[in-house]
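See below for the structure under consideration.
Rule-based calculations on the coordinates, nothing more; no lab input. Worth saying up front: this structure is predicted, and the values here are computed from it rather than measured. Backbone-built Cβ (ideal geometry, glycine too); neighbour counts: all protein chains shown.
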Amino acid sequence: MHTKYSKDDIKRWHLELHPDVVRELATNSFPHPIKHAFHPTHANLTHTHGSEVRTQEWTSRHHRKHRHIQVSPRTNKKRHETTLLRKMARLRKIEYWNISWWVATSFTLGSIIWVVNGFTSWLPLVNSHFGVSLVSTGVTTFIGATIFEIGSIFGMWEAWNRDDRASFGWAVHHNHDEERVEVKREEVEVAVVQRGGNKRWIWFTLDRRYWRELGFLAAFCQFWGATIFWISGFTALPSIQEGLLSRNGVRDGVFWTPQVVGGSGFIISSTFIMLECQHKWYKPKLRDLGWNIGFWNFIGGVGFTLCGALGYGSAFKSGVLYQSSLCTFWASWAFLIGSVLQWYESVNGVQ
């Protein structure tokens with residue numbers, strides 16, 4: 001028997017359990033009856049081996065982010081550290097084999113470009129010694145939007161190619177008799193195995209099962225938000241902006257509106273990320289790393305959306321232009337904080 005249900009448990013499950021594992025308390029953060037339409041984001045997995053019983057908390061985010069991989073498949077070195085400084089030092093690692101690393105580093109690089117863009121667009125409004133330059137603002141907008149689009153594609157691949165199996169001690173916070181214990185990879189495998197065994201790398205799929213996973217929904221909204229937002233990046237190029245300066249209606253349609261719609265996609269995506277990490281939809285999980293990543297990206301999405309919304313009136317009032325540019329500035333820093341946290345998350349395994 002693989003499950004023990006309570007009235008609040010979600011019976012829907014997208015992974016096949018090893019015969020020795022019992023799944024309990026499988027749930028997500030949504031209220032009844034919505035929660036039963038989606039796959040669980042948290043579950044307790046219990047393995048009994050003789051007189052020894054071990055219980056683990058499985059999370060869908062750790063599973064998708066490959067944080068269960070304790071040993072690098074390329075160097076055979078451990079990916080889990082015990083102190084904060086050593087964990088931070090792992091940011092130096094280039095995990096080219098890890099799609100989650102590509103997601104995080106892409107958004108970090110893109111956020112740095114956006115921070116530069118925030119300075120070039122806002123500082124001239126604060127200090128007259130800095131001149132307004134369509135070249136610097138336009139080029140950085142285009143590059144930043146393009147890198148965000150690339151990062152969003154990586155995010156889709158990450159969601160489609162989550163691991164097929166999670167052995168004992170992977171993708172979980174585990175406890176044994178209420179004490180944390182070290183679990184080695186070579187120990188008995190308590191697997192969560194995808195139906196059909198190992199799967200090939202997925203570049204694109206229309207498989208409907210992913211629509212019930214909050215992680216995929218977050219990646220999907222991020223992708224379409226970034227794709228629509230990229231239109232603003234393209235129309236920000238100097239030669240195009242020069243032609244739009246005297247055509248406010250066209251500029252509103254092809255420059256400001258994609259920012260509003262694309263930024264809204266970032267907000268929705270970040271909301272899914274936070275909900276995936278929470279146990280209750282109304283209860284923030286402030287001490288959770290994944291939740292904080294979603295929170296800072298949410299702030300960034302709000303800033304980018306406000307930048308576009310205020311942009312409609314920026315041609316008529318200097319104060320509105322100031323606030324629109326300021327939104328880009330603080331939103332870029334919020335995205336950078338969230339991206340660095342995601343980078344830290346991607347290179348540090350959990351036990």
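Quick rundown of the values:
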quantity	calculated
Cβ crowding within 10 Å averaged over residues, with 217-227, 306-316 ranked highest first	217-227, 306-316
Area projected by the alpha carbon convex hull of the chain, averaged over all directions, nm²	19.8
Residue-span extension gain [residue 82 to residue 248] - 0.36 nm each, minus C-alpha spacing	54.2 nm
Highest-fluctuation residue, 20, 207, 288 considered, GNM on the chain with Cα pairs under 10 Å	207
Derived scalar couplings ³J(HN,Hα) [the stretch 38-49; Karplus, 6.51 cos²θ - 1.76 cosθ + 1.60; whole Hz; x for Gly, Pro]	10, 6, x, 10, 9, 7, 9, 10, 10, 10, 10, 10
Cysteines not pairable in the chain (beta carbon separation under 4.7 Å absent)	221, 277
Packing-based ranking, highest mean first, of 45-54, 257-266 given that Cβ atoms within 10 Å are counted	257-266, 45-54
Where labels lie 7 Å past Cα in the beta-carbon direction, separation of residue 128 and residue 53 in nm	7.7
In nm, spacing of pseudo-spin labels at residue 24 and residue 96 (7 Å Cα→C-beta vector)	4.6
Nearest-0.05 FRET efficiency for residue 206 and residue 234, computed from C-beta distance (R0 22 Å)	0.20
Label-to-label distance, nm, for residues given as residue 322 and residue 135 (7 Å Cα→Cβ offset)	2.9
FRET E, pair residue 11, residue 280, Förster distance 22 Å, beta-carbon r, rounded to 0.05	0.65
